[in-house]
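Take a look at the structure below.
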Amino acid sequence: MARALGLNEDLTEALALAHDSGHPPFGHAGEDVLAAAMAAAGGFDHNAHTIRLLTRLETPYPGFDGLNLCWETLEGLAKHNGPVADPTWALAEADAQWPLELGSWPGLEAQIAAIADDIAYDNHDIDDGLRAGLFALDELLAVPLAARAWRAVNARHPGAATARLVPELVRDLIGRMVNDVLAETKRRTAESDAASIDDVRAAGGPLAGFSAEMAVEERALKAFLYARMYDAPSVKTVRAEAQRLLAALFAAYRDDPALLPAEWRPQPGAEPLRAIGDFIAGMTDRYAIRQHRTLIGPVDLPEGF
């Protein structure tokens, strides 16, 4: 999309790759646990933690903390979901060091990365949900956008096996959404008369996004996925166990900071809850499970999770 719109592809790719790097183990489920556990120290927000990770916690250079990222990358990561009216402590710290103009809209590269994220997880979750048996194809086809794409796929490949048509359905949906974003972004940009990055930031709203019609259809698809996948009983059971695991780990480190690796232990004068949050947020799912088994006890999660 960045290439088709003549944007900076390197910047867009950097934003797409880095924007979720602040997520803790178990994604949003883990974020809820850390937000509650760190409430007394300002809470936890994965978007703000992305900035903290890239500007303070990663230290590959001897002359400064953080990675050697340009201002536009930090700004786009901080605001890819739009202006930030009330930044949490981690983002406020970064903004104090590199003023990120949090009250304005980000550049088009960040806006494109954000809408690409929606397109990606909508469609790949369709694939995952079908393969995991969380819903059937017939149930998905009750969603108008999916039904229309399915008819088009069958018309292009009459008689093809369903197993070969389902991946084509996902590709078709991605193509429909991408083409809609390209057309709508061109339309909004032309109507806004934006001629510079300052115009984009002052536009008063996003210039990249779905058309009104596609936005309605995409929300219907997302509602289906929430009901049949994210809130499926089997998924909720796994999520609850993952949250229990992470809360227990946080409590163990809080009660005995000596359990933390030496380089992650709270420094004198530092907020200990934030140090624990930094360490846990950097874990993978598998590492968090191993730590719980080592320090606390068994974990009731599917084998190979």
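Just so it is clear, none of the values below were taken in a lab; they were calculated from the coordinates. Source: prediction; values computed, not measured. Here the Cβ is made from the backbone with ideal geometry for all residues, glycine too, and neighbour counts use every protein chain on show.
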*asked:* Taking a cut-off of 30 Å, what percent of all Cα-Cα pairs in the chain are separated by more than that?
replied: 44 percent
*Mind jotting down a quarter of the surface of the convex hull over the alpha carbons of region 108-231, in square nanometres, one decimal?*
8.3 nm²
*To the nearest 20 debye, what is the magnitude of the charge dipole of the chain about its Cα centre, counting +1 on the Cβ of each Lys and Arg and -1 on the Cβ of each Asp and Glu?*
800 debye
_Counted charge near A110, where neighbours are those whose Cβ lies closer than 10 Å (Asp, Glu -1; Lys, Arg +1)_ = -2
_Cα-projected label distance for E101 with A220, points at 7 Å along beta-carbon direction, nm_ = 3.8 nm
*Which whole-number percent is the relative contact order of region 19-136 (Cα, under 8 Å, 6+ apart)?*
20 percent
*What full-extension length gain, to one decimal in nm, is calculated for R151 and D255 as 0.36 nm per residue of separation minus the Cα-Cα distance?*
31.6 nm
*Report the FRET efficiency, 1/(1 + (r/R0)^6), for L69 and D117, where r is their Cβ-Cβ distance and R0 is 22 Å, rounded to 0.05.*
0.70
_Value of D in µm² per second that Stokes-Einstein yields for region 175-305, Kirkwood Rh from Cα pairs, at 25 °C (0.890 mPa s)_ = 128 µm²/s
_Set of region 265-300 residues, backbone N closer than 19 Å to the point 7 Å along the Cα-Cβ line of T59_ = 265-283
*Mean separation of Cα pairs under 8 Å and 6+ residues apart, divided by the residue count of region 108-231: what relative contact order is that in percent?*
39 percent
